[in-house]
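Quick notes on the structure that follows.
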Amino acid sequence: MVLVNDEEQYSLWPSAQPIPEGWRQVGPIGAKQECLKWINRNWPDIAPLSIRSSQT
């Protein structure tokens with residue numbers, strides 16, 4: 001599954017494992033390739049949110 005944290009960083013996570021604190025599930029729960037494809041479409045700027053916010 002795809003997880004995201006408060007810094008808008010994404011991660012793949014095994015769906016059978018509990019979601020770690022500070023993360024939440026977004027996007028698909030499915031095959032690795034499906035999840036990676038979703039991340040590539042939805043995560044255009046890999047810089048953490050706090051870095052992006054300070055640059056504006």
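The values are calculated or read from the model by the stated rules, or taken from the named source; none is laboratory data. Quick caveat, the model's predicted, so the values are computed rather than measured.
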Considering only segment 1-47, how many residues are part of a strand (DSSP E or B) and among the hydroxyl-bearing types (Ser, Thr, Tyr)? 2
When every residue in segment 1-49 that is among the acidic types (Asp, Glu) and modelled with pLDDT under 95 is compared, the one farthest from the chain's Cα centre (by Cα) is Asp45
